[in-house]
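Below you'll find the structure, written out as structure tokens, and then a few comments.
The values are calculated or read from the model by the stated rules, or taken from the named source; none is laboratory data. Note that the structure is predicted; figures quoted are calculated from it, not measured. Cβ coordinates were reconstructed from backbone atoms using ideal geometry, including for glycine residues, and neighbour counts include every protein chain displayed.
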Amino acid sequence: MMGLETQLCKMKLRNPTVLASGIRGNNAHLLIRAAKEGAGAVTSKSCSLAPREGHNNPTMINTPEAMLNAIGLSNPGVEEEIGEIRAAVMGAKVPVIASIVAFSIEDFGKVAERISEAAPHMIEVDAACPNTHREGRMFSACAQDAAAVAKAVEEATNIPFSMKLSPDVPNIGEIAQACVDAGADAITAINTMGGMYVDAYARRAVLHNWFGGVSGPALKPVALKAVYNIRKAVGPKIPIIGTGGISTGMDAIEMIMAGANAVGIGSAVVLRKNVFKGVCSEMSAFMKEKGYKRLYELKLEE
Ligand SMILES: Cc1cc2nc3c(=O)[nH]c(=O)nc-3n(C[C@H](O)[C@H](O)[C@H](O)COP(=O)(O)O)c2cc1C
């Protein structure tokens, strides 16, 4: 669609919609399907060094305001994932972003090195999953740990990589800047925010894991603020994939105005049919109405 092209590092995207990690992107077939459905780029489910089964059910609940999940990073491990990413790169005809996760800084380097064999266009480093705690907290909980992960990945691969950050921190801009200083080429913001639902009749938390990650509409204002603050911190050159609560063209326009170069779409893939095409045509309609020709013209007035 005219005027929606964007660039993330060296990747040229036909439109700014990116399938976010973990939602219908668990194998090459699903990644290719999202590309056929109109995504500008696709991100795979995070893979770890060894296979992981994940948490027991229930792992997900959907309400009108939000989705809450604690999947527990179930994935087949990097060895098997290499084949899936390779097949996706061959078949998707749009850039493929391979998401990785690990439970030690050293393992982040190892997974990055292995997944690079599949030659994805970019690697996304999930330093923010609520299920990956180091001494009880996420790697992206502080600038020092996040930078150590970024450095390990930088040393392990020549493929551009984006650091995916958590909103559950006091100063996300500072953490993003530390990642960039350590070699990150881009920032993906945000992963889910920690949350919980209660079943009053059962007098228990709804999810088996009790806590999970909040995504969907409720996350949008949190994501907009995070992206705005990251853009302020890292300056104009570092690409940002703004993710959280995007399901319409107006959501995407707002996210780009806040400072994103592209928009990740996760929960809405489940909530809205043909979401990528719908978001793009609504963006185009707004841009036409307001006389914007290119995405970079979408800026907040300050
Ligand atoms: C079911 C589910 C699984 C997810 N798995 C991952 C994952 O493996 N790695 C990751 O980086 N993010 C994961 N996420 C987070 C999403 O990529 C995204 O950052 C978050 O859901 C916010 O975007 P949304 O509001 O569009 O869903 C997952 C989200 C959901 C809902």
Does segment 268-287 contain any residue that is small (Gly, Ala, Ser), within 15 Å of the ligand (Cβ to nearest atom) and within 19 Å of Ala223 (Cα to Cα)?
-> yes
Considering only segment 225-245, state which residues are within 12 Å of the ligand (Cβ to nearest atom), over 14 Å from Asp168 (Cα atoms) and not β-branched (Val, Ile, Thr).
-> Gly242, Gly245
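Quick one: which residue in Glu254, Glu289, Glu297, Glu302 is at pLDDT below 95 and either closer than 25 Å to Ile175 by Cα or loosely packed, with under 14 Cβ neighbours inside 10 Å (or both)?
Working: Glu254 fails: at pLDDT below 95; Glu289 fails: at pLDDT below 95; Glu297 fails: at pLDDT below 95.
Within the list Glu254, Glu289, Glu297, Glu302, the selection yields Glu302.
Can you pull out every residue in segment 65-82 that is in contact (Cβ under 8 Å) with a residue 40 or more places away in the chain and either within 10 Å of the ligand (Cβ to nearest atom) or of a type outside the set (Asp, Glu) (or both)? Give the steps one after another, and end with the answer.
The first filter runs over segment 65-82 and keeps only residues in contact (Cβ under 8 Å) with a residue 40 or more places away in the chain, leaving 65-73, 75.
Once the filter is applied, which keeps residues that are in contact (Cβ under 8 Å) with a residue 40 or more places away in the chain and either within 10 Å of the ligand (Cβ to nearest atom) or of a type outside the set (Asp, Glu) (or both), segment 65-82 yields Ala66, Met67, Leu68, Asn69, Ala70, Ile71, Gly72, Leu73, Asn75.
Give, as residue ranges, the helices (runs of 4 or more DSSP H) completely inside segment 128-234 that count at least 1 residues that are modelled with pLDDT of 95 or more and touching a Lys or Arg at 6+ places or on another chain (Cβ under 9 Å). Walk me through how you get there before you give the answer.
Numbers: elements: 143-156, 172-181, 220-234.
So the answer is 143-156, 172-181.
Let's see how each residue does on (1) modelled with pLDDT of 95 or more; (2) among the polar types (S, T, N, Q); (3) buried (at least 17 other Cβ atoms within 10 Å of the Cβ):
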| position | (1), (2), (3) |
| --- | --- |
| Glu5 | yes, no, no |
| Ala28 | yes, no, yes |
| Cys47 | yes, no, yes |
| His55 | no, no, yes |
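Can you confirm whether Gly266 is at pLDDT 95 or above, within 21 Å of Val227 (Cβ to Cβ) and either surrounded by 17 or more Cβ atoms within 10 Å (Cβ to Cβ) or in contact with a strand residue (DSSP E or B) (Cβ under 7 Å, 6 or more places away or on another chain) (or both)?
Working: at pLDDT 95 or above: yes; within 21 Å of Val227 (Cβ to Cβ): yes; either surrounded by 17 or more Cβ atoms within 10 Å (Cβ to Cβ) or in contact with a strand residue (DSSP E or B) (Cβ under 7 Å, 6 or more places away or on another chain) (or both): yes.
For Gly266, the condition - at pLDDT 95 or above, within 21 Å of Val227 (Cβ to Cβ) and either surrounded by 17 or more Cβ atoms within 10 Å (Cβ to Cβ) or in contact with a strand residue (DSSP E or B) (Cβ under 7 Å, 6 or more places away or on another chain) (or both) - is met.
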